[in-house]
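Below you'll find the structure, written out as structure tokens, and then a few comments.
The values are calculated or read from the model by the stated rules, or taken from the named source; none is laboratory data. All values derive from a computational prediction rather than experimental measurement. We place every Cβ from the backbone using ideal geometry, glycine too, and count neighbours over all the protein chains shown. Ligands, DNA and RNA are excluded from the accessible area calculation, which covers all protein heavy atoms including side chains. Shrake-Rupley method; radii C 1.70, N 1.55, O 1.52, S 1.80 Å.
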Amino acid sequence: MTRALGARQLIDLVFDEDSFTSWDQPVRTTFAASGAYGAELAKARRRTGLEEAVHTGSGTIRGHKVAVVAGEFSFLGGSIGVATAECLVNAIERATAEKLPLFAAPASGGTRMQEGTIAFVQMVKITATISEHKAAGLPYLVYLRNPTTGGAFASWGSLGHLTVAEPGALVGFLGPRVYEGLYGRPFPSGVQVAENLVKCGLIDAVAEPEQIADIVVRVLTVLRGDGARVEPYPAPPQVSVDLPDTPAWESVLRSRMTGRPGVRQLLRYAATDVVSLNGTGQGEADPGLLVALARFGPARCVLLGQDRSMQNAEHALGPEALREARRGMRLAEDLNLPVLTVIDTPGAALSVAAEQGGLAGEIARCLSDMIMLRAPTLALLLGQGSGGAALALLPADRVVAAEHGWLAPLPPEGASIIMHRTKRRAPEIAQAQRVRSMDLHEDGIVDRVVPESPDAADAPEEFCRRVGGVIREELATLLRQEPAERLRRRRRRYRQLGASQLTMDVRASE
């Protein structure tokens with residue numbers, strides 16, 4: 001069972017001692033003038049000491065200045081009326097004007113029925129104001145408390161850059177009591193529970209109230225840094241050292257070795273801070289794709305990483321993974337952060353579910369988003385780069401490859417089957433298709449190759465730290481570029497791909 005922490009108790013728990021300043025101001029409406037509802041409001045004010053069903057203000061969390069809007073369920077079930085919405089909107093607008101991150105902690109049964117439709121449409125006003133806050137590049141962090149339902153969940157509860165819920169909290173749009181009253185049977189148990197929402201990819205995590213300060217500080221440390229400056233670097237080298245002329249097929253085999261480090265090892269050894277996100281926020285999740293806020297030294301980014309440890313023949317990357325990646329891209333745009341993609345996949349799912357889930361369309365939309373993102377973009381070809389799932393995360397401003405990273409339209413065995421009706425010719429196909437990192441560099445697909453000396457699996461920690469240094473350099477270089485010019489260069493780069501293979505038709509026209 002969850003504990004019933006009120007708004008003030010939660011604020012006292014999360015914020016630094018004696019740092020909180022209330023922004024609450026009396027807001028009156030004609031609804032409260034008289035009658036039974038007016039008496040209910042007066043009683044709620046006396047009982048809670050609050051003017052409305054929300055408590056607002058600002059303070060510090062481990063020294064970080066943060067604004068807060070917190071629901072008070074003991075005030076008429078935390079319901080949202082016209083005055084409640086005005087209190088929320090006033091506080092959100094003030095947070096935006098003062099350029100403060102916003103921590104929201106709803107606890108509400110939804111719209112206040114006593115005020116009817118005009119209370120219902122306050123969801124629009126609340127949502128618009130939060131959207132303006134996010135459009136200003138300011139973080140919006142949400143903690144869903146028990147219960148959060150109806151219009152509260154469908155407005156200020158569902159727009160977080162990061163969304164965490166209280167363990168066991170009832171969270172959902174439909175009130176279970178309403179469902180049972182309308183349909184004569186109880187709503188299925190276990191559906192509107194915080195833990196199930198994580199499993200469904202609707203929210204990012206479940207955490208106790210005592211953990212919230214740590215989570216907020218980790219997010220703000222990634223987003224705002226710790227004061228360390230991103231130092232300028234000279235123009236990054238193209239190929240770091242002279243690399244051995246390794247056959248393409250050997251690189252393919254090395255990329256598949258079980259001891260080879262993947263994105264999780266890269267984050268463990270090379271990243272300074274990491275906050276993992278979960279799912280699309282729209283009811284889908286794929287464990288084969290990791291979305292995280294991360295720092296590599298002072299360089300911050302949204303990381304979209306294909307996780308080799310969570311992909312296999314039974315669970316290949318599906319369209320859900322690419323929708324998760326696109327959530328990360330939107331997050332980067334919101335927060336003015338670079339995007340780092342990590343490519344390491346044996347290929348996308350070949351299944352009925354993937355086809356009906358729109359895999360081809362998601363590949364196309366990822367490509368479109370990557371090309372058009374205003375944010376700086378860096379792609380890291382860490383291992384296998386097979387097919388459309390790999391290509392979807394490739395078109396960045398700069399592309400770095402591990403020495404044994406490779407990129408191909410299909411696994412070489414698949415290409416061999418298409419061309420020769422056997423897998424046995426995969427080694428020669430890999431060589432002919434120029435899939436290895438050195439060939440990709442010569443063809444203008446890759447900008448820089450990171451040596452493995454001789455194989456990342458032999459010294460995974462050393463290799464990951466070396467890659468982390470390259471990421472820091474590349475992001476620092478990209479961040480110094482003027483955004484409009486960087487976007488023009490990116491589009492020009494991919495427009496010119498393959499130009500060296502074109503020949504001019506020199507026949508005289510008749």
**OP:** Test Val302 against the criterion of being under 16 Å from the mean Cα position of the chain (by Cα), within 18 Å of Leu162 (Cβ to Cβ) and part of a strand (DSSP E or B), and give yes or no.
**Re:** yes
Original post:
Do we find a residue being basic (Lys, Arg), modelled with pLDDT under 95 and part of a loop (DSSP other than H, G, I, E, B) anywhere in segment 243-256?
Top reply: no
Subject >> Residues satisfying the stated conditions in segment 444-455, i.e. in a loop (DSSP other than H, G, I, E, B), more than 19 Å from Arg493 (Cβ to Cβ) and open to solvent by less than 20 Å² (accessible area, probe 1.4 Å) >> reply: Pro451, Glu452, Asp455
Original post:
Counting residues that are modelled with pLDDT of 95 or more, under 26 Å from His64 (Cβ atoms) and touching a Phe, Trp or Tyr at 6+ places or on another chain (Cβ under 7 Å), which helices (runs of 4 or more DSSP H) fully inside segment 117-189 reach at least 1?
Top reply: 122-135
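Considering every residue within segment 461-475, establish whether at least one is more than 13 Å from Leu266 (Cβ to Cβ) and open to solvent by 70 Å² or more (accessible area, probe 1.4 Å).
Looking through segment 461-475, none of the residues is more than 13 Å from Leu266 (Cβ to Cβ) and open to solvent by 70 Å² or more (accessible area, probe 1.4 Å).
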Original post:
Which pairs have Cβ atoms under 8 Å, sit 6 or more apart or on different chains, and link a residue in segment 47-73 that is in contact (Cβ under 8 Å) with a residue 60 or more places away in the chain to one that is open to solvent by 10 Å² or more (accessible area, probe 1.4 Å) and among the β-branched types (Val, Ile, Thr)?
Top reply: Ile61/Val217; Arg62/Val217; His64/Val217; Val66/Thr60; Glu72/Thr48
**OP:** State yes or no: is Glu485 in contact with a Leu (Cβ under 6 Å, 6 or more places away or on another chain), under 27 Å from Asn336 (Cβ atoms) and assigned to a helix (DSSP H, G or I)?
**Re:** no
**OP:** Would you confirm whether any residue within segment 479-491 is open to solvent by less than 30 Å² (accessible area, probe 1.4 Å), at pLDDT 95 or above and of a type in the set (A, V, I, L, M)?
**Re:** no
Original post:
Does segment 274-283 include one or more residues that are modelled with pLDDT under 95, closer than 29 Å to Gly172 by Cβ and not small (Gly, Ala, Ser)?
Top reply: yes
**OP:** Return a yes/no flag: does segment 129-143 have any residue that is closer than 25 Å to Gln211 by Cβ, open to solvent by 10 Å² or more (accessible area, probe 1.4 Å) and charged (D, E, K, R).
**Re:** yes
Subject >> Matching option when the condition is open to solvent by 40 Å² or more (accessible area, probe 1.4 Å) and β-branched (Val, Ile, Thr), among Val263, Val274 >> reply: Val274
**OP:** Return the pairs, sorted by first residue and then second, in which the second residue is among the aliphatic types (A, V, I, L, M) and open to solvent by 70 Å² or more (accessible area, probe 1.4 Å), the first residue lies in segment 297-315 and is touching a residue at least 60 places away in the same chain (Cβ under 8 Å) and closer than 23 Å to Ala396 by Cβ, the beta carbons are less than 9 Å apart, and the residues are 6+ apart or on different chains.
**Re:** Ala299/Leu479
Subject >> Given (1) farther than 23 Å from Gln265 by Cβ; (2) under 32 Å from the mean Cα position of the chain (by Cα); (3) open to solvent by 80 Å² or more (accessible area, probe 1.4 Å), number of the condition Asp458 does not satisfy >> reply: (1)
Subject >> Gly358 vs. criteria out of contact with any strand residue (DSSP E or B) (no Cβ under 7 Å at 6 or more places or on another chain), in contact (Cβ under 8 Å) with a residue 12 or more places away in the chain and either among the small types (Gly, Ala, Ser) or within 17 Å of Pro287 (Cβ to Cβ) (or both) >> reply: yes
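This table checks each residue for (1) of a type in the set (Gly, Ala, Ser); (2) open to solvent by less than 40 Å² (accessible area, probe 1.4 Å).
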residue	(1), (2)
Thr117	no, no
Lys125	no, no
Ser158	yes, no
Ala165	yes, yes
